[in-house]
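**Q** Just passing along the structure, written as structure tokens.
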Amino acid sequence: MKKIATCLAFTAFGLLSAGASFAQTPAPKDQLYKAFGEKPGLVALMDDFMVRLLDDPRTGPHFKPANQQRVKEQLVEQLCALSGGPCVYKGADMKSSHANLEIRKSDFHALVEVLQESMDAKGIPFRKQNEMLALLAPMNRDIITPPEGAARP
Ligand code: HEM
């Protein structure tokens, strides 16, 4: 009887740990990339984004003088790499590409709002939008120009 109980206990433990390891299986690393429609989805998203950025009175003045095609292409590579896609971002780092552009916190927030409009327009699910925004948000430290006199972190 004791033997049977021990045997059952081991079986239960085995099933539980199998269940636990199943629950811990990490999500595929390119899940976010796939939710954005892979490369064609990101290209379409960035095309829409740039039109809106140029149209918005808060961000338009920043992007009008820029090489918009290059910025779009670099953003596609960057978002592809960030979301687990098969890309390597080879553009300029965020600090040097935004140095001297006098980007304020409000400009950063405006760009995020415009990106949300684009993601909505492309039907990206809200949770996936937030996952992407969470990856982009920490870049604010390198992109926003600190107030006069403050040391750059
Ligand atoms: C998370 C937020 C942002 C990301 C991920 C991002 C990403 C990029 C990338 C990848 C480039 C191209 C770099 C290269 O040419 O190698 C770029 C350039 C640029 N970005 Fe951003 N950016 C962000 C926020 C902003 C904001 C808030 C503004 C202004 C409102 C801005 C304005 C520009 C401009 C004007 C350029 C072109 C600079 C030039 O002509 O050299 N960016 N950005």
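**Q** What aspartates and glutamates does K105 reach when the alpha-carbon gap must be under 12 Å and sequence neighbours fewer than 8 apart in one chain are set aside?
**A** K105 reaches D142.
**Q** Just list whichever of K64/K128; K72/K95; K29/K90; K39/K72 have alpha carbons separated by over 24 Å in the model shown. Please report the intermediate quantities before stating the final value.
**A** On the way: K64/K128 29 Å; K72/K95 18 Å; K29/K90 20 Å; K39/K72 12 Å.
Over 24 Å apart, Cα to Cα: K64/K128.
**Q** Please compute, for the alpha-carbon atoms of region 27-143, the extent along each of the three principal axes and give them in descending order in Å.
**A** Result for region 27-143: principal-axis Cα extents of 39, 27, 24 Å.
**Q** Using a 1.4 angstrom probe with every protein chain in place, what is the largest-first accessible-area order of K128, K64, K122?
**A** Values: K128 40, K64 130, K122 100 Å².
I get K64, K122, K128, largest accessible area first.
**Q** Now for a separate question. Specify which residue in the list L115, P86, H62 is farthest towards the positive end of the charge dipole of region 27-143, using unit charges on the beta carbon of Lys, Arg (+1) and Asp, Glu (-1), about the Cα centre.
**A** Farthest towards the positive end: P86.
**Q** Going 7 Å from the Cα of N67 toward and past its Cβ, which residues in region 84-109 have a backbone nitrogen under 15 Å from where you end up?
**A** Only 90-93, 97-98 fall inside the zone, counting backbone N under 15 Å.
**Q** So for the pair E117, R141, with labels modelled 7 Å out along Cα→Cβ, what separation do we get in nm?
**A** Each label point is offset 7 Å from its Cα along the Cβ direction, giving 3.0 nm.
**Q** How do D120, D47 stack up against each other in accessible area, from largest to smallest, with a 1.4 angstrom probe? Mind showing how you got there, number by number?
**A** Details: D120 105, D47 70 Å².
Accessible-area ranking of D120, D47, largest first: D120, D47.
The values are calculated or read from the model by the stated rules, or taken from the named source; none is laboratory data. Here the structure is a predicted model, which means the values were calculated and not measured. Cβ coordinates were reconstructed from backbone atoms using ideal geometry, including for glycine residues, and neighbour counts include every protein chain displayed. SASA here: full protein model, heavy atoms, side chains in, ligands and nucleic acids out. Shrake-Rupley method; radii C 1.70, N 1.55, O 1.52, S 1.80 Å.
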